[in-house]
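Notes follow once the structure below has been shown.
The values are calculated or read from the model by the stated rules, or taken from the named source; none is laboratory data. Note that the coordinates shown come from a computational prediction; the quantities given were computed from them, not determined experimentally. For neighbour counting, all protein chains shown are included, and Cβ atoms are generated from backbone atoms with ideal geometry for every residue, glycine included. Side chains included, ligands, DNA and RNA excluded: accessible areas come from the protein's heavy atoms. Shrake-Rupley method; radii C 1.70, N 1.55, O 1.52, S 1.80 Å.
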Amino acid sequence: MFRSNEYFRVSYFFICFVWSFASAEDIITEAEDGHRDQENGFSWADYLVLGAMLVISCGIGVFYGFFNKQQESSDDFLLGGSSMGTFPMAMSLAASFVTAIELLGNPTEMYNHGLQFWMICIAFLIVVPLTSTFYLPVFMKLRLTSSYEYFSLRFSPATRYLASGLYIFQMILYTSVAVFAPALALSKVTGLNVYLAVTGVYIVCIFYASQGGMKAVIIADTFQAIILIGSLIVIAWLGAEFLEPGSKIWLDNYLTNRLEIFNMDPALTVRHSFWSVVVGGTFYWMTMFCSNQASIQKYMSVQTISQVRKALWVSALGLIFVYSINFYTGMVMVTKYKDCDPQRSSKIEDPDELLPYYVITEMGHLKGITGFFVAGIFAASLGTVASALNSLSAVTMEDFIEGALQKKIPKSKGASWAKYISIAYGAISFILVFVVAKLGSVMQVAISFNGMVGGVTLGLFTLGMFFPWANSKGAIFGSLVAVAVITLMCIGQQIYIAEGHLQEESMPTSIQGCDNMNSTLNISIEPETLIEMKDPIFFLYRISYIWYSAFGFLITVIMGLLGSFATGMDDAKNIDDNLLSPPIQRYLSSKGKLKISSKSNLAKDAKLKGIDNNSLDLKDEMISRKESFLNPEKQFEKV
């Protein structure tokens, strides 16, 4: 087995490999000698550093795909046999959340809009206890390969297939964005065609994710997380070192109003305010922690709930660290370009090019550093996409092949099926990259995609776990209404932005110090709202994208309850208490409104399913209930 100590030796070797090309002393010396003025480019050392990261990632897939013979069943391939360690799972969880979208988008966000979005770190601290208390105990008790099997147990197979279909749609689009971002970075620093770079990313990612399964994904994520964090620290440190003597980073950002973190404007059209970032951001990250299949699948890769709770805190603190370093890098760029904005001076065309441009112009002369930066971008992207492919394979096998189609996959062929499905989804996502490339700012597009579906799925889980009287018809009705409304909001806003009818306000920038440029100053004194450029635009199209998850959640829950009331609410005493959130269990039982029994929900249908409730323990009960939904005809035959 590829044990943790072996893994850290490999990681240590890689870090030493990077620094063998450029020691700290050499870096400072070159900066003082003015070598940054020479033409920068992607050198052989950069290719070696990037290549080493990709080769090691592929090597992990080779090890678990060809030398680890234990991965024969789908559960071994998709859940890692529930034998992974706490720390690797925590690092993998954080790596899957920290995509190239954040690495490119957050410094640019700081440069163009200020520090307000950093307040989303508060959301991380709120989300962890909410996840641990209300949602995680249910998932860990049921231990389902696909989290959407819950909807069959709680509502109906139709609800399950709806949620699974929405997730597949969401993740295919999201992975396309996550791959396009690093390909964009690579094309800017090397001059390679962006679509050739996309192809390279997909080849590596599909290979190790499809061959090694969950174990390869988690170990590769842990390795890539070290590369990612290392690259962030190096870029931020070098950026501060390379500033002109006497530069005042915090003062420059303060004087340009970029340090504002308490914009208390409650308007929903304000792009980033305290309320939208903290409240809206909490709902967004709850969709990632509480209802995202890729996350829940990793929870199942360990044995106990205490391991998951520790991993949640480790991943949350890791996210806060990454965001903080990212935003500090943005502050450094504010000081660097305070007299000559690269976009206004036409040195770059798109805001998402800012960080790659900064790295190649300021650090491109240092051997291996540019390659280290691109390796960090790739590492973030690979971790996200690999987790997505693995989770898409799980959902497809459990919910559609074995669920809807009722095709029983032999245990000995489960891993092979999962591999082929992962490859197929990788190919589909690759094709969609060419569509995503036309959608504008990658960070906003990615969060918009997740908000369209994530809030709806979170609302469905909340309906099931918090409201025992909610029924299947109400859940489906609420989710369909929410999907329609959020899709309308998202597509409408993107169309108006693309057509130039909506414009995002930015912070002050200057081109006074640019060569052969007029001395002009763009000062932004209005709130960061989506400004209407032409005719009045429908209010829903102007709502900040970060509220999409909250709107999807609230619409699903409210309309779901109304739909349940209109079609006849379920009796709480007929709902299996294992499907309810523990605090809700305790509250309802104290009021005498819930029949508490590990076999309560089976009592009414024991005759139909042919199950002797008294002979089943909790695990057998859940397995039996799962099989009854996967193979309903077999259960009727028993009668």
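Apply 1/(1 + (r/R0)^6) to the Cβ-Cβ distance of residue 586 and residue 125, taking R0 = 25 Å, and write down the FRET efficiency to the nearest 0.05.
My answer for the efficiency is 0.50.
Applying the Karplus parametrisation 6.51 cos²θ - 1.76 cosθ + 1.60 with θ = phi - 60° to the phi angles of region 579-593, what ³J(HN,Hα) value in whole Hz is obtained for each residue in order, glycine and proline being reported as x?
3J(HN,Hα) across region 579-593, in whole Hz: 8, 9, 5, x, x, 5, 3, 5, 5, 5, 5, 5, 8, x, 9.
Gain in length, residue 566 to residue 317, computed as 0.36 nm per residue apart minus the alpha-carbon separation, to one decimal in nm?
85.2 nm
Here is the link list: 298/367; 473/573; 407/593; 298/591; 215/367; 141/419. Which ones come out longer than 29 Å on Cα distance?
298/367; 407/593; 298/591; 215/367, as the Cα separations exceed 29 Å there.
Report the calculated FRET efficiency for residue 558 and residue 515 (r = Cβ-Cβ distance, R0 = 60 Å), to the nearest 0.05.
With a Förster radius of 60 Å, E is 0.55.
Roughly how many Å² is the accessible area per residue of region 107-243, as a whole number, for a 1.4 Å probe?
Roughly 22 Å² per residue, with all protein chains present.
I want to make sure I understand the PRE zone here: with the label point 7 angstrom from the Cα of residue 427 toward its beta carbon, which residues in region 400-420 have backbone N atoms less than 18 Å away?
416-420
Could you sort 480-493, 549-562, 365-378 so that the peptide with the highest average Cβ count within 10 Å comes first and the rest follow in order?
Top of the packing list down: 365-378, 549-562, 480-493.
Alpha carbon centre of region 480-501 versus region 156-170: separation in Å?
One Cα centre to the other: 21 Å.
How high is the FRET efficiency between residue 261 and residue 498 when r is their beta carbon distance and R₀ equals 25 Å, given to the nearest 0.05?
Efficiency, from the Cβ-Cβ distance: 0.25.
Multiplying the sequence separation of residue 194 and residue 491 by 0.36 nm and subtracting their Cα-Cα distance, what value in nm do you get?
104.4 nm
Sequence gap at least 6, Cα distance under 8 Å: using those rules, report the relative contact order of region 255-332 to the nearest whole percent.
Contact order relative to length: 11 percent.
Can you list which of the trypsin sites (Lys or Arg not before Pro) found in region 135-172 are DSSP loop residues with at most 16 other C-beta atoms within 10 Å?
Within region 135-172, the qualifying trypsin sites (Lys or Arg not before Pro) (loop, at most 16 other Cβ atoms within 10 Å) are 143.
Let me have the relative contact order for region 156-271, percent, based on Cα pairs under 8 Å that are six or more residues apart.
10
Please work out the average accessible area per residue across region 260-328, using the 1.4 Å probe convention, and give it in Å².
31
How much net charge surrounds residue 161 when only the other residues with a Cβ under 13 Å from the Cβ of residue 161 are counted, with Lys and Arg +1 and Asp and Glu -1?
Cβ neighbours under 13 Å give a net charge of -3.
First compute the accessible area of region 263-388 with a 1.4 Å probe, then give the percent of it belonging to carbon and sulfur atoms.
Ligands and nucleic acids excluded, carbon and sulfur reach 60 percent.
Once amide H atoms are built 1.01 Å from N in the peptide plane, which residues 5 or more positions from residue 513, or in another chain, come under 5 Å H to H?
So residue 513 has HN proximity to 340.
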